[in-house]
Amino acid sequence: MPQTKIIGFSGNITRPSTTRTFVDHIVGQLAIKTRAVAQSFDVDDLGPSLLKAKRLDDLNAQARGVVDQMLEADVLVVGSPTYKGSYTGLFKHYFDLLDPTSLRGKPIIIAATGGGERHSLVVEHQLRPLFGFFEALAMPTAIYATRKDFAHGEVISEAIRMRVGRAVEEAAYAIG
């Protein structure tokens, strides 16, 4: 029986990034819960070919490898920093390249980070509809965290840890 594969994807282009740290945290918790193999990527891993790509075939081999791993994953954990009330432009551009049926039925934990609470609905008003378009199976619990929820690269908020735990339980249930 093949091992479950979890892929995390962060819409941030800076390193280190709170969003990547958050995605990695969620991926790690899900991997422990399901005894799965896991890996995370961010927009920067797609390299410069993403900027000029109008379709998947325009991506270089490195970027295409990331895409292939995401499409082959059993579960995705996808997060974006909040930029002007939404996900980042390169994050959206990446998903614009995917075939509309490519994520159909795939369990996805959606997450976002931002500077303050005022953008907390980005997960419901921006990310959930995006993955609804793809007919993905977005977990009922989405997670939004702010800078105050982290310290020294770790999630310190008990409320955020609880939401992560709930989303992980939902994803584990979704994959059996």
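The values are calculated or read from the model by the stated rules, or taken from the named source; none is laboratory data. Remember, predicted model here, so these are calculated numbers, not experimental data. A quick note on method: Cβ atoms are made from the backbone with ideal geometry, for glycine too, and the neighbour counts reach across all protein chains shown. The area values use the complete protein model at the heavy-atom level, side chains included, leaving out ligands, DNA and RNA. Shrake-Rupley method; radii C 1.70, N 1.55, O 1.52, S 1.80 Å.
Taking 30 Å as the limit for the C-alpha separation, the pairs 33/148; 52/148; 84/106; 54/148 exceed it in the case of 52/148; 54/148. Karplus-based coupling profile of segment 151-164, in residue order and whole Hz: 8, 6, x, 10, 6, 10, 7, 5, 4, 5, 4, 5, 5, 4, with θ = phi - 60° in 6.51 cos²θ - 1.76 cosθ + 1.60 and x standing for Gly or Pro.
Checking the a/c ratio against 1.5 first, then a/b against b/c, what shape does the Cα gyration tensor give for segment 1-88? Verdict is oblate for segment 1-88. Computed 3J(HN,Hα) for segment 79-89, one whole-Hz value per residue from the Karplus formula 6.51 cos²θ - 1.76 cosθ + 1.60 where θ = phi - 60°, is x, 9, x, 8, 10, 6, x, 8, 6, 6, x, glycine and proline marked x. Rounded to the nearest whole Hz, the Karplus-based 3J(HN,Hα) values (6.51 cos²θ - 1.76 cosθ + 1.60, θ = phi - 60°) of segment 165-176 follow the sequence x, 5, 5, 5, 4, 4, 5, 4, 5, 4, 9, x, with x at glycine and proline. Label-to-label distance, residue 84 versus residue 101, with points set 7 angstrom from Cα along the beta-carbon direction: 3.5 nm. Computed with a 1.4 Å probe over protein heavy atoms only, the accessible surface of segment 32-99 comes to 51 Å² per residue. Summary of the geometry: segment 6-51 and segment 103-167, compared by the centres of their Cα atoms, lie 13 Å apart. Remark: accessible surface ordering of 92, 33, 106, 52 (largest first) is 52, 33, 92, 106, probe radius 1.4 Å. Working note: 222 nm ellipticity from helices only, DSSP H runs with n ≥ 4, each -39,500 (n - 2.57), summed and divided by the residues of the chain, gives -11000 deg cm²/dmol to the nearest 500.
Projected label points at residue 58 and residue 92, each 7 Å from Cα along the beta carbon direction, are separated by 1.7 nanometres. Look at the Cα gyration tensor of segment 22-65: its axes a ≥ b ≥ c give a/c of at least 1.5 with a/b over b/c, and that counts as prolate.
Once you order the gyration tensor axes a ≥ b ≥ c over the Cα atoms, which shape class does segment 104-176 get: rounded for a/c under 1.5, otherwise prolate or oblate by comparing a/b with b/c?
Working: a/c = 2.87, a/b = 1.42, b/c = 2.01.
It comes out oblate by the Cα gyration axes.
Charging the Cβ of each Asp and Glu at -1 and of each Lys and Arg at +1, and nothing else, the dipole of segment 60-106 about its Cα centre rounds to 220 debye. With R₀ fixed at 25 Å, the C-beta to C-beta distance from residue 157 to residue 33 puts the FRET efficiency at about 0.80. The gain in end-to-end length when the residue 133 to residue 173 segment is fully stretched comes to 12.1 nm, 0.36 nm per residue minus the alpha carbon separation.
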